[in-house]
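Single-structure report; data block below.
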Amino acid sequence: MAALTRFEIARIIGARALQLALGAPPLTKPEKDDTPYTLAKKEFEAKLLPISVLRVYADGTVERVELS
């Protein structure tokens, strides 16, 4: 399985933090001092996010990378 790039990781965590900031229910139990960013990072590291990354290459091939 292909590894995610640091740019893909930042995009996923950032998008999830925005969702949490706008009121989405967390997938883990939040602690008292958790911010949307720290909560999103914990969810990512625990592989709880149902997200996959689609990479489209110049030759037209598509690669799908699952988080879990």
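Which ones in the stretch 20-38 are among the hydrophobic types (A, V, I, L, M, F, W, C) and either within 19 Å of residue 4 (Cβ to Cβ) or surrounded by fewer than 16 Cβ atoms within 10 Å (Cβ to Cβ) (or both)? Give the derivation first.
Of all residues in the stretch 20-38, those among the hydrophobic types (A, V, I, L, M, F, W, C) come to 20-22, 24, 27.
21, 22, 24, 27, listed by residue number.
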### Task
May I ask you to list pairs of residues, at least six apart or on different chains, whose Cβ atoms are under 8 Å apart, with the first in the stretch 37-61 being over 14 Å from residue 26 (Cα atoms) and the second being among the hydrophobic types (A, V, I, L, M, F, W, C) and assigned to a helix (DSSP H, G or I)?
51/12; 53/12
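For the stretch 35-44, check the following and say yes or no: at least one residue is part of a strand (DSSP E or B) and among the acidic types (Asp, Glu).
No, there is no match, as no residue in the stretch 35-44 is part of a strand (DSSP E or B) and among the acidic types (Asp, Glu).
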### Message
If residue 2 satisfies all but one of (1) of a type in the set (A, V, I, L, M, F, W, C); (2) in a loop (DSSP other than H, G, I, E, B); (3) surrounded by fewer than 13 Cβ atoms within 10 Å (Cβ to Cβ); (4) without any contact (Cβ under 8 Å) to a residue 24 or more places away in the chain, what's the number of the condition it fails?
### Response
(4)
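Restricting attention to the stretch 55-64, which residues are within 18 Å of residue 6 (Cβ to Cβ) and loosely packed, with under 11 Cβ neighbours inside 10 Å? Even if it seems obvious, please write down each step before you answer.
Residues of the stretch 55-64 within 18 Å of residue 6 (Cβ to Cβ): 55, 63.
63, the sole residue that qualifies.
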#### Entry: Residue satisfying condition, being outside any loop (DSSP other than H, G, I, E, B), under 14 Å from the mean Cα position of the chain (by Cα) and at negative phi, within set 20, 27, 48
20
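Read-outs: derived from the displayed coordinates by stated rules, not from any lab. Everything numeric here is computed off the predicted structure, so don't read it as measured data. Here Cβ is always computed from backbone atoms with ideal geometry, including for glycine, and neighbour counts include all displayed protein chains.
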